[in-house]
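Visitor: One structure coming up, written as structure tokens, with questions to follow.
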Amino acid sequence: MQPLPEPLLVSEDGRFAVVQSQPWMAEALEAIQEASFPTLSREERMTKEHYLSHMRIFPEGQHAVVELPGGKVVACSTDFRTRVDFHHYQHRYIEAVAGNWLTRHDPEGDWLYGADIGVLPEYRGLGLSRLLYQARQNLVRRLGLKGHVAGSMPKGYHRYASEMPIEEYVHRVVRGELQDPVLSVQLRRGYRVYGIIPAYLEDPSCLNYGVFVVWRNPEVGW
């Protein structure tokens, strides 16, 4: 077992801890990515080489959830600092993350961008994404950033695409009339929908749409 860094957060039952991702975790992080995004285009999935790049470029923004005491890596998230023009928020995922290498990370950026979050299927429903979002928001506060943004994948939309446009689907998820496996989780964590991004990525589960979501740091004016 590799030594674990100091926990950033520990689950209430003491079973899981959020730590800063380490190079020895890279293969496990790739496995989480593949299990979490099976329908995402191969070109847009992160590999172990990408995760190693993230740790070099912005180590603070790379979080992993480990199961205690064994240290098995069961969930993870990837973030980088950026600047946001809310008048021109339309963009493609792969361009924002510089081909998944995060070389567009801006050390002076005043927003945190959520590039990736995933949980192994057998560990879902245990509150691990909640821990990761809490770690992300804690990082935003610690760095004094304006907030956290992400291109949410409305992964449940493919089931309703023949019945309603994406705008209606998102509206109904926001109202709580429908549950989306990604967007609903973010809404419960205090995120708000800012707009819809066509052709955000290549994934049939969301018909390539992204939903631009924003969490504003309550401790910082902007």
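Visitor: Give me the angle, in degrees from 0 to 90, between the Cα long axis of helix 48-57 and the longest principal axis of the Cα atoms of the chain, rounded to the nearest 10.
Guide: 80
Visitor: Evaluate the relative contact order of the range 106-191 (contact order divided by residue number), counting alpha-carbon pairs under 8 angstrom at least 6 apart; express in whole percent.
Guide: Across the range 106-191, relative contact order equals 29 percent.
Visitor: Helix-derived [θ] at 222 nm for the chain: sum -39500 (n - 2.57) over DSSP H runs of at least 4, divide by residue count, nearest 500?
Guide: -7000 deg cm²/dmol
Visitor: With every protein chain left in place, what is the accessible area per residue of the chain in square angstrom, probe 1.4 Å?
Guide: I get 47 Å² per residue for the chain.
Visitor: Take every Cα pair under 8 Å in the chain that's 6+ residues apart, average their separations, divide by the length, and report that relative contact order as a whole percent.
Guide: Relative contact order of the chain: 19 percent.
Visitor: Which order do the peptides 162-174, 113-125 come out in when sorted by mean C-beta neighbours inside 10 angstrom, highest first?
Guide: 113-125, 162-174
Visitor: For residue 108 and residue 60, compute 0.36 nm times the residue count separating them, minus their Cα-Cα distance, and round to one decimal in nm.
Guide: Fully extending the segment from residue 108 to residue 60 adds 15.9 nm.
Visitor: Next up: Within the chain, what whole-number % of the accessible surface is contributed by carbon and sulfur, with the 1.4 Å probe and all protein chains included in the calculation?
Guide: 50
Visitor: Let me ask something additional. P(r) for the range 82-200, please, calculated from all Cα pair distances in 5 Å bins and given in %.
Guide: Reading upward from the zero bin: 2, 9, 19, 21, 22, 17, 8, 2, 0.
Visitor: Can you give me the Rg/Rh ratio for the chain, using Cα atoms for both radii and the Kirkwood formula for Rh?
Guide: Over the Cα atoms of the chain, Rg/Rh equals 0.94.
Visitor: Excluding ligands and nucleic acids, what accessible area in Å² is computed for residue 91 using a 1.4 Å probe, to the nearest 10?
Guide: 50
The values are calculated or read from the model by the stated rules, or taken from the named source; none is laboratory data. Since the structure is predicted, the reported quantities are computational estimates derived from the model, not experimental observations. Cβ coordinates were reconstructed from backbone atoms using ideal geometry, including for glycine residues, and neighbour counts include every protein chain displayed. Protein only, heavy atoms only, side chains kept; ligands, DNA and RNA dropped before computing areas. Shrake-Rupley method; radii C 1.70, N 1.55, O 1.52, S 1.80 Å.
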